[in-house]
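The values are calculated or read from the model by the stated rules, or taken from the named source; none is laboratory data. Small disclaimer: the values here were computed from a predicted structure and weren't measured. Methodologically, a virtual Cβ is constructed for each residue, glycine included, from the backbone with ideal geometry; neighbour enumeration extends over all protein chains shown.
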Amino acid sequence: MGRAKTRQVEPLETVDSGAVRLVPTPRIDLSSIEQCRVEAARVYRQMRSGKIDTGDGAKLVWAVTQIAKLVEIGVLEERLRTLEMAEPRRLERR
């Protein structure tokens with residue numbers, strides 16, 4: 001049985017004046033702490049310039065900070081795994 005074809009439908013939001021098409025936001029790469037820092041700084045500058053509400057900006061910066069913490073934990077886990085794998089070899093040399 002073949003897979004049914006689906007088509008991408010852009011979401012609509014209804015407001016008092018009618019339907020408004022929501023524009024998708026670009027994907028932001030937050031796979032490193034540096035990229036998270038850059039994104040948080042970008043949001044901060046938008047708050048300072050009044051382009052986004054400070055309440056919304058604070059929520060975005062908080063979310064980016066949480067992602068940065070997860071990235072940091074992932075890096076630390078990988079480093080610990082590397083050390084743990086090297087430890088048996090070190091003990092064998094004694």
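Observations on the structure shown:
- Among the residues of the range 1-56, those that are of a type in the set (Gly, Ala, Ser), assigned to a loop (DSSP other than H, G, I, E, B) and modelled with pLDDT under 95 comprise 2, 4, 17.
- Residue pairs meeting the criteria (Cβ under 8 Å; at least 6 apart or on separate chains; first closer than 17 Å to residue 28 by Cα, in the range 67-80; second part of a helix (DSSP H, G or I) and basic (Lys, Arg)): 68/37
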